[in-house]
Amino acid sequence: MKVGVISDVHANRVALDAVLDDMPAVDALLSAGDVVGYNPWPAECVAELRRRDVPSVMGNHDRAVASGTAFRFNSMARAGVEHARDELSDDHLAWLADRPDSLRALDGRVRVVHGHPEDPDRYTYPKDFSPDLLGDETVLVVGHTHVQHHEVYDEGVVMNPGSVGQPRDGDPRAAYAVLDLGDLSVTEHRVEYDVEAVQAAVQDAGLPDRIGLRLADGR
């Protein structure tokens, strides 16, 4: 069984479309959260995941938008939260608010969290990956860092598919991964998208220029 895994879409519809178009045939899709925030298209990205019935956990930006609080965010992140609250319908906000901090999928073999199994807001970087992160699941999916990486251990797999909408690992291409539950292998993917179109849309939406500019560097 092959599973497409995405995370940190961050309202980047252009990148999300590129990822979904590039993704090979899979039997299921999973999202490690932060569907909204930063970029101009929160409603379109929420609608697409809902249309595809993609199980998704709640990211910190999702929570900020759903709750109306962004008190610990920098100015870029706060602007994205405010923009999302202006753009999302009550139905979309209710969907975000209903996302769990953790979910089990595929007969419990896969656990998805946003940050860390014990703390949804803790960054779990590749250097922090270890089999100790695994519970009784075979595969743990994390997001939040926007850094694509995976490790295969005797006990199972720990993986971060990277960020669809705002990579931060020095590669500006949109990131995703495909998990094969048959042999417990992970294939990491990157796909180019029209960054300039997103930068123009960021300006048109009145969002901070830095949100768009950083996309070209993958930082």
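Could you tell me which residue of the range 187-219 is nearest to V14 (Cα to Cα), considering only residues that are outside any helix (DSSP H, G or I) and of a type in the set (D, E, K, R)? So that I can check it myself, show each step before the final result.
Kept after step one, since they are outside any helix (DSSP H, G or I), are these residues of the range 187-219: 187-194, 205-208, 217-219.
Pick out the ones that are also of a type in the set (D, E, K, R) and you get 188, 190, 192, 194, 217, 219.
Details: E188: 19, R190: 14, E192: 10, D194: 7, D217: 17, R219: 18 Å.
Of everything passing the filter in the range 187-219, D194 is nearest to V14 (Cα to Cα).
Taking residues in the range 109-122 that are over 17 Å from L29 (Cβ atoms), and partners anywhere that are in a strand (DSSP E or B) and not hydrophobic (A, V, I, L, M, F, W, C), the pairs with Cβ atoms closer than 6 Å and at least 6 places apart or on different chains are R122/H116. For D34, the criteria (1) within 17 Å of the chain's Cα centre (by Cα); (2) farther than 19 Å from V147 by Cβ hold in every case but one, which is (2).
Considering the range 26-75, and only residues there that are touching a Lys or Arg at 6+ places or on another chain (Cβ under 7 Å) and at pLDDT below 95, the residue that is nearest to P167 (Cα to Cα) turns out to be A70. Reported count of residues in the range 118-144, each being touching a strand residue (DSSP E or B) at 6+ places or on another chain (Cβ under 7 Å), part of a loop (DSSP other than H, G, I, E, B) and surrounded by 19 or more Cβ atoms within 10 Å (Cβ to Cβ), is 6. Selection of first residues in the range 14-38 that are within 19 Å of A94 (Cα to Cα) and of second residues that are of a type in the set (F, W, Y) and in a loop (DSSP other than H, G, I, E, B), restricted to Cβ pairs under 9 Å at least 6 apart or on distinct chains, gives the following pairs, ordered by first then second residue: G37/F73. Listed conditions (1) within 24 Å of S102 (Cβ to Cβ); (2) in contact with a Pro (Cβ under 9 Å, 6 or more places away or on another chain); (3) not basic (K, R) are all met by C45, apart from (2).
Return yes when G170 is at positive phi and at pLDDT below 95 and no when it is not. Break it down stepwise before answering.
Values: at positive phi: yes; at pLDDT below 95: no.
Criteria not met by G170.
Conditions (1) more than 18 Å from L133 (Cβ to Cβ); (2) among the charged types (D, E, K, R); (3) buried (at least 24 other Cβ atoms within 10 Å of the Cβ), marked per residue:
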position: V26; (1), (2), (3): yes, no, no
position: S31; (1), (2), (3): yes, no, yes
position: Y38; (1), (2), (3): yes, no, yes
position: C45; (1), (2), (3): yes, no, yes
position: D53; (1), (2), (3): yes, yes, no
position: A77; (1), (2), (3): yes, no, no
position: L88; (1), (2), (3): yes, no, no
position: D107; (1), (2), (3): yes, yes, no
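Based on this model, can you work out whether V19 counts as closer than 16 Å to V141 by Cβ, out of contact with any helix residue (DSSP H, G or I) (no Cβ under 6 Å at 6 or more places or on another chain) and assigned to a helix (DSSP H, G or I)? So V19 passes the test. Screening the range 165-205 for residues that are exposed (fewer than 14 other Cβ atoms within 10 Å of the Cβ), in contact (Cβ under 8 Å) with a residue 24 or more places away in the chain and among the small types (G, A, S) and picking the one that is farthest from H150 (Cα to Cα) gives A197.
The values are calculated or read from the model by the stated rules, or taken from the named source; none is laboratory data. As the structure is a computational prediction, the values presented were derived from the model and not from experiment. All Cβ positions, even for glycine, are placed from backbone atoms using ideal geometry, and neighbour counts span all protein chains on display.
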